[in-house]
Amino acid sequence: MYFIITALAAILTTIGWRSISEDKFQLSTLCLIYWGATLMWLVDHVVAYLTEGGAFLEISMDATLLGITVVVCGFIVWMLIAVVKNLWGVPRKN
Amino acid sequence: MGCFVVPMAEAIVVSIVKKVVKKKKENTASVGAEDVTFLDGESKELNQTKIDWEQKLSWLNQLLWGGVFLLAIEHIWHGEVVLWPPFLTAMNNPSEIPIMLHEMATIGTSMAVFVTLVWVVMVYVAENKLKQTLHKKCERN
């Protein structure tokens with residue numbers, strides 16, 4: 001489930017980023033954070049499915065909570081990056 | 001168990017390479033600033049049709065570090081990683097170490113290779129799109 005939630009977050013962020021012509025909120029960074037995790041989990045799920053078998057997706061309350069936690073953590077990291085880059089950018093412009 | 005360690009190693013290497021490229025670019029800009037003004041129109045256009053390596057490496061860096069960070073959270077959630085040494089819980093049990101190393105070699109390497117392949121495609125598409133946009137602009141002029 002965390003794979004689906006992160007993939008959805010990646011798709012939604014990409015749509016949001018594409019709709020804004022300028023990358024002023026550095027949404028591309030958030031897109032790449034989510035896409036990086038989605039791609040890695042895709043490989044993890046495919047390899048596990050091929051070698052161990054069983055269900056491709058784990059749908060449980062625990063996996064859903066993990067998905068939400070991961071998306072929130074990615075969002076916090078992106079906010080921190082954006083704040084630090086903006087703070088660094090202001091004195092450089094002056 | 002510790003599959004994200006392999007993409008993390010790649011991310012560290014990419015970060016170092018990115019810093020080196022940035023320094024080289026800054027040095028070239030300061031030394032060759034006068035030469036750039038003498039470039040003819042065609043050469044300038046040729047430079048504009050390519051995305052610089054710093055930008056390309058920045059995309060790969062963000063993909064890798066983003067993935068590594070979120071995977072680390074998943075591993076902490078599942079109790080496979082702790083915040084104190086030896087960090088990977090499999091290291092506490094000698095019988096689990098070969099399984100962990102096998103997982104790193106198979107899944108970890110596949111993750112790193114797959115992310116890098118996606119990045120290569122991404123760079124190819126972005127450069128082609130940039131070229132097309134410039135061609136359209138030239139045709140209009």
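The values are calculated or read from the model by the stated rules, or taken from the named source; none is laboratory data. None of the values given here were measured: they were computed from a predicted structure. All Cβ positions, even for glycine, are placed from backbone atoms using ideal geometry, and neighbour counts span all protein chains on display. Note: accessible area is taken over every heavy atom of the protein model, side chains too, but ligands, DNA and RNA are not part of it. Shrake-Rupley method; radii C 1.70, N 1.55, O 1.52, S 1.80 Å.
Separation of the alpha carbons by more than 28 angstrom is noted, of A:Lys24/B:Lys19; B:Lys19/B:Lys136; B:Lys24/B:Lys131; B:Lys18/B:Lys136; B:Lys23/B:Lys50, for B:Lys19/B:Lys136; B:Lys18/B:Lys136.
Relative contact order of the stretch B:54-131, taken over Cα pairs closer than 8 Å and 6 or more residues apart, is 28 percent.
With only Cα atoms counted, the protein assembly as shown has Rg and Dmax values of 20.8, 69 Å. Relative to the longest principal axis of the Cα atoms of chain B, the long axis of helix B:109-140 lies at roughly 20 degrees. Proximity of backbone amide H atoms, modeled 1.01 Å from N, is registered between B:Val81 and B:Ile76, B:Thr89 at under 5 Å, excluding neighbours fewer than 5 places apart on the same chain.
Translational diffusion coefficient of chain B (Stokes-Einstein, Kirkwood radius from Cα pairs, 10 °C, 1.306 mPa s): 87 µm²/s. Comparing the full protein assembly with the isolated chain, the residues of the stretch A:50-88 losing at least 50 square angstrom of accessible surface (1.4 Å probe) are A:Leu66. As a fraction of the 1.4 Å probe accessible area of the stretch B:40-141, surface on carbon and sulfur atoms comes out at 64 percent. Taking Cα atoms only, the orientation of helix B:53-77 departs from the longest principal axis of chain B by about 20 degrees.
Between B:Glu139 and B:Thr116, the contour length at 0.36 nm per residue exceeds the alpha carbon distance by 4.8 nm. Taking all protein chains into account, the per residue accessible area for chain B stands at 65 Å² (1.4 Å probe).
What is the angle, in °, between the Cα long axis of helix B:5-31 and the longest principal axis of the Cα atoms in chain B? Nearest 10 is fine, range 0 to 90. So the inclination is approximately 30 degrees. On chain A, 71 percent of the accessible area sits on carbon and sulfur atoms, based on a 1.4 Å probe. Counting charges near B:Leu70 (Lys, Arg +1; Asp, Glu -1) among other residues having Cβ under 15 Å from its Cβ returns a value of -3. Buried surface for the A/B pair, taken as the accessible area of each chain alone minus that of the pair with a 1.4 Å probe, is close to 2100 Å² in total. Residues considered: A:Ile33, A:Ile76, A:Ile20. Largest GNM mean-square fluctuation over chain A, using C-alpha springs under 10 Å, is found at A:Ile20.
With protein chains left intact and a 1.4 Å probe, residues in chain A average 61 Å² of accessible area per residue.
For chain B, with a Gaussian network of springs between Cα atoms less than 10 Å apart, report the residue from B:Lys129, B:Lys18, B:Lys56 with the top mean-square fluctuation. Maximum fluctuation in the GNM of chain B, among the listed residues, is at B:Lys129. Between B:Lys131 and B:Val17, the modelled label-to-label distance comes to 2.2 nm, taking each label 7 Å out from Cα in the direction of the beta carbon.
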